[in-house]
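Below is one structure; the comments refer to it alone.
The values are calculated or read from the model by the stated rules, or taken from the named source; none is laboratory data. Not measured: the values here are computed from a predicted model. Here the Cβ positions follow ideal geometry from the backbone for every residue, glycine too, while neighbour counts run over all protein chains shown. For the accessible areas, the whole protein counts, side chains as well, though only heavy atoms, and no ligand, DNA or RNA atoms are used. Shrake-Rupley method; radii C 1.70, N 1.55, O 1.52, S 1.80 Å.
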Amino acid sequence: QVHLVESGGGLVQSGGSLRLSCTASGVTFTNYEMSWYRQTPGKERELVAAATATSITNYADSVKGRFTISRDNYKETVYLQMNSLRPEDTAVYYCNAKHAWARLNHWGQGTQVTVSS
């Protein structure tokens, strides 16, 4: 049984920082690309950042230079360091694990990030 558990969300002021964590269980962690998505009501879930098993990273244009994704394969955890937060970053953030070759996708329960102006 696969479980992805996120933590670290909360309420911060504009310009502040948060660090999200997602710990996986029930998977061979190095077989998965790990990523963070976010979603607001009425909007499609969008990719924020992704990291392959060898830490090749990709970011949405809106967060480049502000957010950093990293992963610890030994701890089976992926992180999202969010700096210089803006109100438009407010969303529910979801951790995703996508298998490198199989059609397998797993989602965390989501964690709320709210940025006040």
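Under the rule of at least 5 residues apart or a separate chain, name every residue whose amide H is placed under 5 Å from the amide H of Gly110.
Glu6, Cys95
Across the stretch 3-19, in residue order, what do the Karplus-derived ³J(HN,Hα) couplings come to in whole Hz, using 6.51 cos²θ - 1.76 cosθ + 1.60 with θ = phi - 60° and x for Gly and Pro?
Along the stretch 3-19, the couplings run 9, 10, 10, 9, 7, x, x, x, 10, 9, 7, 3, x, x, 9, 9, 10 Hz.
With a cut-off of 11 Å, note down the residues of the stretch 5-30 whose backbone N falls inside the zone around a label point 7 Å from the Cα of Asn73 toward its beta carbon.
Only 29-30 fall inside the zone, counting backbone N under 11 Å.
Taking H as built 1.01 Å from N, whose amide H comes closer than 5 Å to the amide H of Leu104, not counting residues under 5 places away?
Residues meeting the criterion, in which the H sits 1.01 Å from N, are His99.
Quick one: with all protein chains in place, what share of the accessible area of the chain is carbon or sulfur, to the nearest percent (1.4 Å probe)?
47
Taking a label point 7 Å from the Cα of Ala60 along the Cα→Cβ vector, which residues of the stretch 94-108 have an amide N closer than 18 Å to it?
Of the residues in the stretch 94-108, 94-98, 107-108 have backbone N under 18 Å from the label point off Ala60.
Residue by residue, what Karplus-based ³J(HN,Hα) values in Hz, rounded to whole numbers, does the stretch 36-52 have, using 6.51, -1.76 and 1.60 with θ = phi - 60° and x for Gly and Pro?
With the stated coefficients, the stretch 36-52 comes to 10, 10, 9, 8, 10, x, x, 10, 6, 4, 10, 6, 9, 7, 9, 9, 6 Hz.
Compute the relative contact order of the stretch 5-72 as a whole-number percentage, counting only Cα pairs closer than 8 Å that sit 6 or more residues apart in sequence. The partial results should precede the final answer.
Details: 75 pairs, mean separation 13.5, N = 68.
RCO, the stretch 5-72: 20 percent.
Show which lysines lie in cross-link reach of Lys75 when reach means a straight Cα distance below 19 angstrom and same-chain residues fewer than eight apart are skipped.
Within the straight-line limit of under 19 Å, Lys75 reaches these lysines: Lys98.
Per residue, how much accessible area does the chain show when a 1.4 Å probe rolls over the protein heavy atoms, in square angstrom? Could you put the intermediate results ahead of the total?
Working: 6390 Å² over 117 residues.
I get 55 Å² per residue for this part.
Which order do peptides 14-24, 42-52, 98-108 fall in by mean Cβ count within 10 Å, highest first? Please list the in-between numbers first.
Values: 14-24: 17.3, 42-52: 15.0, 98-108: 12.6.
Packing proxy ranking, top to bottom: 14-24, 42-52, 98-108.
Would the stretch 33-106 count as rounded, prolate or oblate if I go by the C-alpha gyration tensor, calling it rounded below 1.5 in a/c and otherwise prolate when a/b exceeds b/c, oblate otherwise?
Here the stretch 33-106 falls in the oblate category.
Where the centroid of each part is defined by its Cα atoms, how far is the stretch 63-83 from the stretch 29-54 in Å?
Each part's Cα centre sits 11 Å from the other's.
Find the relative contact order for the chain and round it to a whole percent, using C-alpha pairs within less than 8 Å whose residues are 6+ positions apart.
Working: 284 pairs, mean separation 41.4, N = 117.
Relative CO of the chain lands at 35 percent.
Please turn the phi angles of the stretch 94-108 into ³J(HN,Hα) values with the Karplus equation 6.51 cos²θ - 1.76 cosθ + 1.60 (θ = phi - 60°), one per residue in order, whole Hz, x for glycine and proline.
10, 8, 10, 10, 10, 5, 5, 9, 8, 7, 10, 9, 10, 10, x
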